[in-house]
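Below is one structure, written out as structure tokens; comments come after it.
The values are calculated or read from the model by the stated rules, or taken from the named source; none is laboratory data. Quantities reported herein were computed from a predicted structural model and do not represent experimental measurements. No Cβ is skipped: glycine too gets one built from the backbone with ideal geometry, and neighbour counts run over all protein chains shown.
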Amino acid sequence: MPFIAIALMVAAALGGGVSVAANNSLPGDALWGFKTSVNESIRGAFTAGDEAKANWDIAVVSARLDEAQKLAVEGKLDADVQAKIMANFDAHAQDIAERISKLQVSGKADVAADVAARFQAQLAQHASAITEASTAQEAHVQATMVPFLASVRGTLDAAANLSASASNHTSATGTINVL
């Protein structure tokens, strides 16, 4: 019996150490998959409500774009890393859009508009920073980043449309939720 307790404590300590180390990993690092698959999934699972979940997804999208910016500055944002970032980014961006829609349908149009505006603002800020970081790179590195930047800008356009639609929905329904 004491052996099992000791083994569980060692496993928890090692697992916690991996989890902490993974938090600082970047795409392409060995622990990045653990960070996105385990750490973020667990944190997201403990988030309740469509607004909170949308805010969580916005934070994750922002983290992906922060990672892309760091790698772009270092000249390490190659096509494979971009694909990994975009797959994760796209999944969370889709979740945000779905949550905004759910908020509108549930009569929380003002909350949906606020979430959509924050999503758009985060994307605009990061798209600008990544573009700036890419222009400091050599031409061949810039060329590999064109599809990535186009995808981010496409999502930014979609976020702008979501924001406008949510704002229009708020205006049309006259919905104002008081917290």
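Table for the structure above
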{"item": "Residues of the range 27-59 that turn out to be at negative phi and either in contact (Cβ under 8 Å) with a residue 40 or more places away in the chain or not in a helix (DSSP H, G or I) (or both), as a count", "result": "16"}
{"item": "Among (1) surrounded by fewer than 17 Cβ atoms within 10 Å (Cβ to Cβ); (2) in a helix (DSSP H, G or I), the one test that SER62 misses", "result": "(1)"}
{"item": "Number of positions in the range 98-126 that are out of contact with any Ser or Thr (no Cβ under 6 Å at 6 or more places or on another chain), within 27 Å of SER37 (Cβ to Cβ) and surrounded by fewer than 19 Cβ atoms within 10 Å (Cβ to Cβ)", "result": "5"}
{"item": "Tally of residues being more than 18 Å from the chain's Cα centre (by Cα) and not small (Gly, Ala, Ser) across the range 109-130", "result": "2"}
{"item": "Options GLN137, GLN104, GLN94: the member that is outside the structural domain of ASN24 (by TED's automatic domain parsing) and within 14 Å of the chain's Cα centre (by Cα)", "result": "GLN94"}
{"item": "Within the range 112-154, tally of residues that are aliphatic (A, V, I, L, M) and modelled with pLDDT of 90 or more", "result": "8"}
{"item": "Test: residue in the range 57-78 that is among the polar types (S, T, N, Q), modelled with pLDDT under 90 and closer than 20 Å to VAL152 by Cβ", "result": "yes"}
{"item": "Hey, GLN137 not in a helix (DSSP H, G or I) and not hydrophobic (A, V, I, L, M, F, W, C) or not", "result": "yes"}
{"item": "Answer from ALA72, ALA117, ALA113 - the residue that is closer than 17 Å to LEU149 by Cα, in contact (Cβ under 8 Å) with a residue 40 or more places away in the chain, in contact with a helix residue (DSSP H, G or I) (Cβ under 6 Å, 6 or more places away or on another chain) and in a helix (DSSP H, G or I)", "result": "ALA72"}
{"item": "Meets criteria (within 17 Å of LYS53 (Cα to Cα) and part of a helix (DSSP H, G or I)) for LYS102", "result": "yes"}
{"item": "Leading residue by the ranking (nearest to ALA83 (Cα to Cα)) among those in the range 165-179 that are surrounded by 14 or more Cβ atoms within 10 Å (Cβ to Cβ) and either modelled with pLDDT of 85 or more or among the polar types (S, T, N, Q) (or both)", "result": "SER165"}
{"item": "Residue within the range 86-95 that is small (Gly, Ala, Ser) and free of Cβ contacts under 8 Å to residues at least 60 places away in the same chain present", "result": "yes"}
